[in-house]
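Single-structure report; data block below.
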Amino acid sequence: MAEPVSKPTELSVDLSRIQADIEALAAIGFDESDKGIYRQAFTDNDMAGKRWLLHRIEENGLEPASDGAANISGILPGPAAAAPRVYVGPHIDTVPCAGMLDGTLGVVIGLECLRAMRAAGVTPERTVELIAFSDEEGRFGGMFG
């Protein structure tokens, strides 16, 4: 088995940054009247959430990507481009009147893990890709992305 490209002695995540990201994303589509979040797939709010995520990916030095299904990715490249990737992350779209953590937590935690790896100078053995999949909640049949 190949040795990892780098062996960090310490990785740490920033809990306050995780909380701030969850709260920032929860504000997109928040309805004060019922305290729910409305970010159904491909609505203006969903697209605003996708733009927010792309901005966070870029500002943290990760490689941004999107595809024809409007899946949003943040990539931490490994040296073996042809090797299978490690994928992490669920979705940021919501059902009507959603809570703040469904899907969002997985995407934000995945983002934080990639940020922590990058900050520690980790070059993963395989490329690691955070993906926020489109329409996981089923507005157009489920898992469109």
- Message: Looking only at the range 92-101, filter to residues that are closer than 11 Å to Arg39 by Cα and either of a type in the set (Ser, Thr, Tyr) or in contact with a helix residue (DSSP H, G or I) (Cβ under 8 Å, 6 or more places away or on another chain) (or both); which one of those is surrounded by the fewest Cβ atoms within 10 Å (Cβ to Cβ)?
- Response: Met100
- Query: So which residues in the range 22-43 are without any contact (Cβ under 8 Å) to a residue 24 or more places away in the chain and of a type in the set (A, V, I, L, M)?
  - Reply: Ala27
- Count of residues meeting criterion [free of Cβ contacts under 8 Å to residues at least 24 places away in the same chain and under 14 Å from Ile72 (Cα atoms)] in the range 125-145: 1
- Within the range 25-47, tally of residues that are loosely packed, with under 14 Cβ neighbours inside 10 Å and within 29 Å of Ala116 (Cβ to Cβ): 1
- Query: For the subset of the range 59-83 comprising residues that are closer than 16 Å to Gly49 by Cβ and either in contact with a Ser or Thr (Cβ under 9 Å, 6 or more places away or on another chain) or among the β-branched types (Val, Ile, Thr) (or both), which member is surrounded by the most Cβ atoms within 10 Å (Cβ to Cβ)?
  - Reply: Ile72
- Query: In the range 23-44, what residues are out of contact with any helix residue (DSSP H, G or I) (no Cβ under 6 Å at 6 or more places or on another chain) and at positive phi?
  - Reply: Lys35, Phe42
- Note on the structure: Gly89 passes all but one of the listed conditions (1) in contact with a Gly (Cβ under 6 Å, 6 or more places away or on another chain); (2) more than 21 Å from Glu129 (Cα to Cα); the exception is number (2)
- strands (runs of 3 or more DSSP E) completely within the range 44-106 that count 1 or more residues being farther than 23 Å from Val122 by Cα: 63-66
- Query: Can Thr123 be described as part of a loop (DSSP other than H, G, I, E, B) and either farther than 20 Å from Leu53 by Cα or at pLDDT 95 or above (or both)?
  - Reply: yes
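The values are calculated or read from the model by the stated rules, or taken from the named source; none is laboratory data. Everything numeric here is computed off the predicted structure, so don't read it as measured data. Neighbour counts run over all protein chains shown; Cβ positions are idealised from the backbone, glycine included.
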